1. Would you confirm, using the coordinates I've provided, whether residue 118 is surrounded by fewer than 16 Cβ atoms within 10 Å (Cβ to Cβ), without any contact (Cβ under 8 Å) to a residue 40 or more places away in the chain and assigned to a loop (DSSP other than H, G, I, E, B)?
2. Being surrounded by fewer than 18 Cβ atoms within 10 Å (Cβ to Cβ) and free of Cβ contacts under 8 Å to residues at least 24 places away in the same chain is true for just one of 254, 225. Which residue is that?
3. Looking at the range 128-150 only, could you name the residues that are in contact with a helix residue (DSSP H, G or I) (Cβ under 7 Å, 6 or more places away or on another chain) and either over 29 Å from residue 116 (Cβ atoms) or outside any loop (DSSP other than H, G, I, E, B) (or both)?
4. Output yes when any residue across the range 110-125 is assigned by TED's automatic domain parsing to the domain that holds residue 256 and closer than 24 Å to residue 220 by Cα, and no when none is.
5. Return the residues of the range 51-88 that are farther than 21 Å from residue 100 by Cβ, assigned to a helix (DSSP H, G or I) and without any contact (Cβ under 8 Å) to a residue 40 or more places away in the chain; say none if nothing qualifies.
6. Condition (residue is assigned to a loop (DSSP other than H, G, I, E, B), assigned by TED's automatic domain parsing to the domain that holds residue 249 and within 15 Å of residue 106 (Cα to Cα)) applied to the range 155-170: is it met by at least one residue?
7. If a residue counts only when it is within 28 Å of residue 147 (Cβ to Cβ) and over 25 Å from the mean Cα position of the chain (by Cα), which helices (runs of 4 or more DSSP H) contained entirely in the range 177-265 have at least 2 such residues?
8. Just need a number here: residues in the range 62-111 that are crowded, with 21+ Cβ neighbours inside 10 Å, farther than 20 Å from residue 40 by Cβ and at pLDDT below 85.
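The values are calculated or read from the model by the stated rules, or taken from the named source; none is laboratory data. Bear in mind the structure is a predicted one, so any value in this text is a computation, not a measurement. Here the Cβ positions follow ideal geometry from the backbone for every residue, glycine too, while neighbour counts run over all protein chains shown.
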């Protein structure tokens, strides 16, 4: 018993000693959690959309506490920025709200159809088949892939065309990444006018495929008092930094390619 008991006592003693040392070390060198991380996390919307550049709200909260920008969450808007600024002891940076907008008016009533599509209900799948059923290879596929990824119920698809419900849009950009035609763009929420066309064919060809296509006639360019409109690759583009929402462009557009949106702050 003695031969067995002594080693047991030694091992038990060493275990007790190591336990005491480890307990002391864990308290001595304990890394206290940053209270700011939890405060910031409680403020974040919890959408985990990734628009901030991080994989989720938890990661963004940690990054902000570590010095990352406080204005990277488009979902929370300016109110969130001000609250985070208070926590971090920083000044709230100006953050203009941006929303997504579909730059296309190509409903099935407006475009001509090349063929009847009977494949997977997915925009990328449709686009891989000769550019999709629409004669306009630049237009919306209308299969609703953008709607499927929208976390905020801000997208509707009707008559072959996706539409953003701007009051619901959080500006996360998931729909933009999903669109195979690259026709969804971010614009300032206050912007009331957009050229709802992404066709880059010459006027006659564009109009042949879609009756509401921009034909690059330059009437809007000449009419704009702020020089906010240019023609880029046969399609008019409005510079939202210059546009003052006067609406003169929409009055002279012969095809109705320019749309008026509500615009909100």
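1. Judged against the criteria, residue 118 is a match.
2. Only one candidate passes the filter, namely 225.
3. 145, 146, 149
4. Taking every residue of the range 110-125 in turn, at least one turns out to be assigned by TED's automatic domain parsing to the domain that holds residue 256 and closer than 24 Å to residue 220 by Cα.
5. 58, 59, 61, 62, 63, 64, 65, 82, 85, 86, listed by residue number.
6. Taking the range 155-170 and keeping what is assigned to a loop (DSSP other than H, G, I, E, B), we get 159-160, 165-170.
So of that shortlist, the ones also assigned by TED's automatic domain parsing to the domain that holds residue 249 come out as 159-160, 165-170.
After this cut, where a residue has to be within 15 Å of residue 106 (Cα to Cα) as well, the list is 159-160.
Yes: the range 155-170 contains one or more residues that are assigned to a loop (DSSP other than H, G, I, E, B), assigned by TED's automatic domain parsing to the domain that holds residue 249 and within 15 Å of residue 106 (Cα to Cα).
7. Answer list for the range 177-265: 203-209.
8. Of the residues in that region, 0 qualify.
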